[in-house]
Amino acid sequence: MPSKKALVRRPSPRLAEGLVTHVERTEVDVDLAVEQWEAYGEALRDHGWETIEVEPADDCPDSVFVEDTVVMYKNVALIARPGAESRRDETEGIEEAVAALGCSVNWVWAPGTLEGGDVLKVGDTVFVGRGGRTNAAGIQQLRAAFEPLGARVVSAPVSKVLHLKSAVTALPDGTVVGHIPKMDTPSLFGRFLPVPEEAGAHVVLLGGDKLLMAASAPKTAELYSDLGYEPVVVDISEFEKLEGCVTCLSVRLRGLYA
Ligand SMILES: NC(=O)NCCC[C@H](N)C(=O)O
């Protein structure tokens, strides 16, 4: 039976200093963010996930966005090399966490940059966004790490949003969902469903028909319900102010041998 473990990382007290690139900076309520983070973890646990806290990285304002620090494929963890220099120190704690779980560990090396938010896995296809945070060398290294394990790596331009997964994720049947105004190349994704809200494009697959998604996408939640899915809604407003979404607050591990 596949493991259902999820890595999460407690928000830094410096969260409000987190990076913003494609949105205007607005004030972040750090206490509220911590409450929202607790509720997010609760939602994972309520649906059978064991949450594992990565050692906090309090000097790194964006460290709560743990997804960006590692990419998992089967039992192999590829430690990212964030394109944002202020995020580079975040990877130390994640290395320890994945090694402790018995993963085989690989690294992205300079001049490569890669952030986990740019990587979308749909079965054995691994889409990787080439944009502000992930460069061509990073993509080549991802290919070298995962193609020998059976992955097919497909690269996609990303210019309108922070990461590939700020624009697209996928439903349990592999249909890619995205908000077209934020996408560079909708035709790249094969079976594709457009959704009416940007945050509606972000789903975390909790298992079965359950989709974890943000409260800021009510029309898309209705669309998913109509299609037979069960949205599990969490409010992540304070993270959205920093261009975070539901996907970036955890790393789900399903391919562990343990
Ligand atoms: N995977 C993600 O969507 N990560 C969000 C990162 C937001 C953070 N403020 C950053 O700019 O790096």
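The values are calculated or read from the model by the stated rules, or taken from the named source; none is laboratory data. Computed from a prediction, not measured in an experiment: that's the story for all the values here. Every residue, glycine as well, gets a Cβ built from its backbone with ideal geometry; the counts of neighbours run over all protein chains shown. Keep in mind that these areas ignore ligands, DNA and RNA; they rest on the heavy atoms of the full protein, side chains included. Shrake-Rupley method; radii C 1.70, N 1.55, O 1.52, S 1.80 Å.
The table that follows gives values for the structure above.
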item: FRET E, pair E222, K182, Förster distance 25 Å, beta-carbon r, rounded to 0.05; result: 0.80
item: Mean projected area (nm²) of the alpha-carbon convex hull when region 19-115 is viewed from all directions; result: 7.4
item: Environment charge of D184, counting only residues whose C-beta is closer than 10 Å and scoring Lys/Arg +1, Asp/Glu -1; result: +3
item: Neighbour net charge for P148 - beta-carbon separation under 15 angstrom, K R +1, D E -1; result: +1
item: For region 85-180, diffusion coefficient by Stokes-Einstein and Kirkwood Rh (Cα), 25 °C, 0.890 mPa s, µm²/s; result: 172
item: Region 134-209, relative contact order in percent, only Cα pairs under 8 angstrom and at least six apart counted; result: 26
item: Per residue accessible area of region 157-211, 1.4 Å probe, in Å²; result: 37
item: Percent carbon-and-sulfur accessible area, region 71-110, ignoring ligands, DNA and RNA, probe 1.4 Å; result: 46
item: Charge context of L211, other residues only, Cβ under 12 angstrom, K/R +1, D/E -1; result: -2
item: Viscosity 0.692 mPa s, temperature 37 °C, Stokes-Einstein D of the chain from Kirkwood C-alpha radius, µm²/s; result: 182
item: FRET efficiency for T125 and A99, using Cβ-Cβ distance with R0 set to 35 Å, rounded to 0.05; result: 0.85
item: Region 126-258 pair-distance distribution - Cα-Cα, 10 Å bins, rounded %; result: 12, 41, 36, 11, 0
item: Under the Karplus curve 6.51 cos²θ - 1.76 cosθ + 1.60, θ = phi - 60°, whole-Hz ³J(HN,Hα) for region 222-231, x wherever Gly or Pro sits; result: 5, 4, 5, 4, 4, 8, x, 8, 10, x
item: Calculated FRET efficiency for the pair K160/D58, C-beta based, R₀ 45 Å, to 0.05; result: 0.90
item: Amide H partners (placed H, <5 Å) of R130, local residues excluded; result: A156, V158
item: Region 85-241: relative contact order in percent, alpha carbon pairs under 8 Å with at least 6 residues between; result: 14
item: Dimensionless Rg over Rh [region 196-258; C-alpha; Kirkwood]; result: 1.01
item: With every protein chain in place, region 159-241: carbon and sulfur % of accessible area (1.4 Å); result: 53
item: Gain in span if fully extended, L19 to D46, counting 0.36 nm per residue against the direct Cα distance; result: 6.6 nm
item: Solvent exposure of region 27-134 as accessible area per residue, Å², 1.4 Å probe; result: 41
